[in-house]
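> I have a structure I would like to understand better, so I am pasting it below and will then ask my questions one at a time.
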Amino acid sequence: MGSPNPRNDARKVGPLASHTAKKTREAYLGSSRRSHPRHSASSWRIHHRLLRIIACVVTAALVFVGTVAAATWLSLNDAIIDGKVESLIPQEERFDPNKGKAIKFVLIGQDTRDDGNADLSGGLHDGEDGLHNADTTMVVDISADRSFINIVSIPRDSIVDVPSCKTTGGKDIPAQYGVMFNSVFSTAYREGGDLSTAASCTVTAVNSLTGMHITNFIVVDFKGLADMIDAIGGVDVCIPVDTVDPNTDMDLRKGLHHLDGRAATNYARMRHGSGTDGSDIMRTTRQQYLIKSVINEAISKNMFTQTNELYQLALAALRSLNISSGMADTNALVSLALSLRNLDISHVYAQTVPVVPAPFDPNRVVWADTADEVWHKLRDDKPLYGGDEVDTKEDDAPQTDQGDNASPSESASPSNSTSPSEGVSPSESDAPAPSDGTTATPTAKPQPTVDPKTGLIKQEDGTLIDPDTNGTVDPENGAITDPDTGQYIGIAYQYLNSTICSVPTKHE
């Protein structure tokens, strides 16, 4: 009888059978891998030890990068949370840069000596200690496709009517009539005692005046603006005329200067000394110029694509800003910054809302009738200049029923016929008919073209015209005046840099 225990049978197997079993086991194992490498054992151990070291280094690097990224995100997030301000605007909109929608907000430059700013000198502040004034207010519109940015300044000396608003505590601030625009912020701050009330009431006033529904805002004091400029290493500023201001210890010769944050901010805000007429309107144009210069500086240094530089700029900015709750999202703000990395500086459109002198006070202004044309473009997410203007002109052209075979003389209406001011001189249009009986054909003068270097049109008498606004440009300082109101509306950025300061462009 056989053994009841198979293991006993295995032990009774002779040497030949045992050797065969061993080979069988080795052959089975070798079906998937060899039992040992063909090379030497010492080489195999060194190779695998190296692989383990590399794996450890890669793992450590990934952990380090992840830790740094987390720390970076947390530091930005902490800065945003610290500067977060609750918006009191009904139906607050939380912006998402990935929704394919335009982003609109109100940028408020606060003039205060609170929060450690009381020791600042050099003219960074105009207000009295303890007061909170909206020194600058701009409506910013970033297009849905991120191809352009509109910036419209509202002069602080504008006389306006504003609706009622509420404080964070629920107290009603009644409607105000015939008040200076910058008083909206200061009055609300005095009544509510906080930035949330002041900024929200300012945005409520902007919405009432412009017909928009903006719920978000960013508030920055001018020390913060100076810190941001310092974070990017200063900014190039073209000084069109010798500028001296004892109030800010400013003494700048005509030409290009690389200014630090304090000097650049003082130049944008100065109201005294040479190089300025002392008006708030002219000052707003310099502020627009400075913002474009800062954006250009960031783009030229690839700060929107270089992670470390973008982080440093973002951190400095966020520490200087108070952001409404609808915008206080770290991921969304970083995503917005990256979406603007390909922005062309020539597509940053800035101007002051059209104004005229107030009839009862020449030192104050009221909005001109053409102001709504500006706000209409922002409401419809259209660029301030260019865009669909050609299509609009074609749509507005008078239509006739002459058919496609009508000649130009037959299809043109009297109101659409060429006038002397449209390129044909009186001598040409009134020329007598030739003696041979043929009809004289007036020769139109060539229309003036835009100089690619300056971006302006130069008329025969030497007058410089900005083709975007149709405004007249002062050749001395690049200031653009509104053709209807005669008031400052902006600065010819390209002309100023290419002519007065001879800054080479990307195309040169």
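> How many of the residues in region 341-360 are open to solvent by 20 Å² or more (accessible area, probe 1.4 Å) and not in a strand (DSSP E or B)?
Counting residues in region 341-360 that are open to solvent by 20 Å² or more (accessible area, probe 1.4 Å) and not in a strand (DSSP E or B) gives 8.
> Modelled with pLDDT of 90 or more and in a loop (DSSP other than H, G, I, E, B): is that true of G455 in this structure?
yes
> Would you mind stating whether G233 is within 19 Å of G478 (Cβ to Cβ) and part of a loop (DSSP other than H, G, I, E, B)?
No.
> Looking at region 196-219, is at least one residue touching a residue at least 12 places away in the same chain (Cβ under 8 Å) and more than 24 Å from T352 (Cα to Cα)?
Checked against the condition, which is being touching a residue at least 12 places away in the same chain (Cβ under 8 Å) and more than 24 Å from T352 (Cα to Cα), region 196-219 yields at least one hit.
> Now, a different point. Among what's in region 203-225 and is assigned to a helix (DSSP H, G or I) and open to solvent by 10 Å² or more (accessible area, probe 1.4 Å), pick the residue that is nearest to V85 (Cα to Cα).
Restricting to residues being assigned to a helix (DSSP H, G or I) and open to solvent by 10 Å² or more (accessible area, probe 1.4 Å), the top hit is T204.
> Here's another thing I want to ask about it. Does G255 fit the bill of being open to solvent by less than 40 Å² (accessible area, probe 1.4 Å) and without any contact (Cβ under 8 Å) to a residue 40 or more places away in the chain?
Spelling it out, it is not the case that G255 is open to solvent by less than 40 Å² (accessible area, probe 1.4 Å) and without any contact (Cβ under 8 Å) to a residue 40 or more places away in the chain.
Conditions (1) open to solvent by 30 Å² or more (accessible area, probe 1.4 Å); (2) in the same structural domain as A337 (by the TED database); (3) more than 28 Å from Y289 (Cβ to Cβ); (4) at pLDDT 65 or above, marked per residue:
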position: I80; (1), (2), (3), (4): no, no, yes, yes
position: G83; (1), (2), (3), (4): no, no, no, yes
position: N98; (1), (2), (3), (4): yes, yes, yes, yes
position: V106; (1), (2), (3), (4): no, yes, no, yes
position: H125; (1), (2), (3), (4): no, yes, no, no
position: H132; (1), (2), (3), (4): no, yes, no, yes
position: M138; (1), (2), (3), (4): no, yes, no, yes
position: F148; (1), (2), (3), (4): no, yes, no, yes
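> Would you check if S498 is assigned to a loop (DSSP other than H, G, I, E, B) and either modelled with pLDDT under 90 or within 24 Å of the chain's Cα centre (by Cα) (or both)?
For S498, the condition - assigned to a loop (DSSP other than H, G, I, E, B) and either modelled with pLDDT under 90 or within 24 Å of the chain's Cα centre (by Cα) (or both) - is not met.
> If you don't mind, there's one more thing I want to ask. Within region 189-202, track down each residue that is touching a His at 6+ places or on another chain (Cβ under 7 Å) and open to solvent by 20 Å² or more (accessible area, probe 1.4 Å).
The one that is touching a His at 6+ places or on another chain (Cβ under 7 Å) and open to solvent by 20 Å² or more (accessible area, probe 1.4 Å): Y189.
The values are calculated or read from the model by the stated rules, or taken from the named source; none is laboratory data. Every value quoted in this text rests on a predicted model; they were computed, and no experiment measured them. Every residue, glycine among them, receives a Cβ derived from its backbone with ideal geometry; neighbour counts consider all protein chains shown. SASA here: full protein model, heavy atoms, side chains in, ligands and nucleic acids out. Shrake-Rupley method; radii C 1.70, N 1.55, O 1.52, S 1.80 Å.
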